[in-house]
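Quick notes on the structure that follows.
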Amino acid sequence: MKILVIGGMHGNEPLGIELVERLTKKPIQGVEAVIANPRAREANQRFTSSDLNRSFPGNGESYEGRRAKKLLKLCQGFDIVLDFHNTHCPNNDCVFIGEQAQQLLINTAGFINLKRVIVADYDCINKYASNCLSVEISLNSSRNNIDEWIRIINSLTNSEELPQCNDIEKYRFVYRMTREDESLLGLKTVSLRAFTPIDKKISSAMGVQSPAYPIFIDDAYTPYNYGGLLNKI
């Protein structure tokens, strides 16, 4: 199986960057690795002019737009694309896929034991690359481990067919909580916890169907947002 490993979609999230660096020094047959946003990586910041993972399918108007277009073209040559991210928030380990994701990605989520699968239909890499599985790992998680991911990637390359996975928890990303929401609804006082339903009155106030499940709550990587909300599928 041919695999592309992407790190540095956001230039200050370490797991993917360190994985790409390891794979560059010690290549695995059948695996290519790329830093998605070299300028942001060099500056150790999330992006330069615009968030790369909000710049798909890409255009020529900005550095991130040009990188998005190149990345999508690169993705076409692989069976699976693994795009690694981090969050400061605890208990947020999960994966993202697009609406048109191949069944192979669901099976991959099972294989890597990240069975919380979130469908994203905003302009991210998953929406446009149906073979891309974005891996979100909390910085304090035991899964934030380079050696473990190298072992997993090795196993994937040696697997001709992955077992069918039928026991995932599937969600859809439906709402981005703003700092205005935080202030108006007093969100910091209600102890939101990842993947735990919020009070119906609160979700209704944001126009979100209940039950709604929060993720990325007050993440230091995205101080301009308060978090996201999901609905189960």
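Structure values in brief
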item	result
Coil-residue chymotrypsin sites (Phe, Trp or Tyr not before Pro) of the range 121-202, DSSP, other Cβ within 10 Å capped at 13	Y122
Computed Rg/Rh of the range 98-145, alpha carbon atoms with Kirkwood Rh	0.99
Expected 222 nm ellipticity per residue - DSSP helices of 4 or more, -39500 (n - 2.57), all of the chain, to 500	-8000 deg cm²/dmol
Projected area averaged over orientations for the range 172-232, convex hull of C-alpha atoms, nm²	3.6 nm²
Partners for K2 among aspartates and glutamates (Cα-Cα distance below 18 Å; same-chain residues under 8 apart left out)	E32, D79, D83, E160, E161
Among K170, K70, K201: highest mean-square fluctuation, GNM of the chain, C-alpha pairs under 10 Å	K201
Over 26 Å between alpha carbons, listed pairs K26/K70; K25/K170; K127/K188	K25/K170; K127/K188
Part-to-part distance (alpha-carbon centres) for the range 106-180 and the range 58-81, which is given in Å	19 Å
Fully extended contour minus Cα-Cα distance, from R54 to I146, at 0.36 nm per residue	30.5 nm
Neighbour count of at most 15 Cβ within 10 Å plus DSSP loop: longest GluC sites (Glu not before Pro)-free window in the chain	162-233
K232 versus E160: modelled label distance in nm, points set 7 Å from Cα along the beta carbon direction	3.8 nm
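Coordinate-derived values only; no laboratory data. This structure is a prediction, so every number in the text was calculated from the model and none was measured. Using ideal geometry, Cβ is built from the backbone for each residue, glycine included, and neighbour counts are taken over all protein chains shown.
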